[in-house]
Amino acid sequence: MKKTGIFYASNTGTTAEVAARLGKILGIADSDIHNVADTAPSALGDYDTIILGSSTWGNGDLADDMYDFVDGAQSLDLHGHRIAFFGCGDESMSDTFCDAVGKLYFKMKDTGAKLIGEYPADGYTFDHSEATDGNTMRGLVLDEVNHPEYTDRRLQAWAKLIEE
C-alpha cells in the first residue's frame, strides 16, 4: 500500500490547519502529518507521496522552520517518490503571492522525486509569483485571508489530482 505524508511549516497556524484539512480529505492518519519544526528531513523517505506545505512571509519567504528542513531534504535521494506542494498566501501581496510554493519546488526538483500536483492558475489575482510558470501553479496555492470560500473546493480538486 502506498503511503502519503504531509510535512508543513506554519508561523500562525493557518498552514497547519490546511494540512489537517487536506489530511482528512486524503484519509491520512494524524501520525503522518508532520510539523517540520520537530521532524527530521530523513522522515520523507518513509513515504511514497510527500506533500510539502508552507506559508509565504515577508518578501516571499518560506515559513521559518521550513528553511532548515528543506536544506536537509535537498541532500536526500528521493527517486521513486512523488512530491506535491501547497502553500498559503495573501493575494494583496501581489508581487510575492505564495512564493513559498515556488521556492519549495525549486529546492526539491533535484532530489530525483517526481514532482506532481500542478494546479490551474485560473481564479487567482496577483502580479508575480514564483509558484507559477505562467499557465499553472507548481502546486496548490490558497488565500485564507481574502478568499477562504474557495479553499474547500480547491483542496478537494487538488486531492483528486495528486491521488492519480
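On the given criteria, is ILE83 closer than 22 Å to PRO148 by Cβ, buried (at least 21 other Cβ atoms within 10 Å of the Cβ) and aliphatic (A, V, I, L, M)?
no
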Flagged in segment 14-37 as over 14 Å from the mean Cα position of the chain (by Cα) and open to solvent by 30 Å² or more (accessible area, probe 1.4 Å), in numbering order, are LYS24, ILE25, LEU26, GLY27, ALA29, ASP30, SER31, ALA37
Quick check on my filter: what residues within segment 120-139 are crowded, with 22+ Cβ neighbours inside 10 Å and in contact with a Phe, Trp or Tyr (Cβ under 6 Å, 6 or more places away or on another chain)?
SER129, MET137, ARG138, GLY139
Where a residue in segment 112-138 is at positive phi and its partner, wherever it lies, is part of a loop (DSSP other than H, G, I, E, B) and open to solvent by 90 Å² or more (accessible area, probe 1.4 Å), with Cβ under 7 Å and at least six apart:
GLY112/ASP77; GLY112/HIS79
Out of ALA9, ALA73, ALA40, ALA63, report the one residue that is touching a Gly at 6+ places or on another chain (Cβ under 8 Å) and open to solvent by less than 30 Å² (accessible area, probe 1.4 Å).
ALA9
Reported set for segment 145-160 where residues are open to solvent by 40 Å² or more (accessible area, probe 1.4 Å) and either of a type in the set (Val, Ile, Thr) or in contact with an Asp or Glu (Cβ under 8 Å, 6 or more places away or on another chain) (or both) is VAL145, ASN146, HIS147, TYR150
Among the listed residues ALA73, ALA29, ALA40, which satisfies the condition of being more than 28 Å from ASN146 (Cβ to Cβ) and in contact with a Pro (Cβ under 6 Å, 6 or more places away or on another chain)?
ALA73
If you go through segment 48-82 one residue at a time, how many are touching a Ser or Thr at 6+ places or on another chain (Cβ under 6 Å) and aromatic (Phe, Trp, Tyr)?
0
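The values are calculated or read from the model by the stated rules, or taken from the named source; none is laboratory data. No experiment lies behind these values; they were computed from the predicted model shown. Glycine also receives a Cβ, built like all others from the backbone with ideal geometry; neighbour counts cover every protein chain displayed. Note: accessible area is taken over every heavy atom of the protein model, side chains too, but ligands, DNA and RNA are not part of it. Shrake-Rupley method; radii C 1.70, N 1.55, O 1.52, S 1.80 Å.
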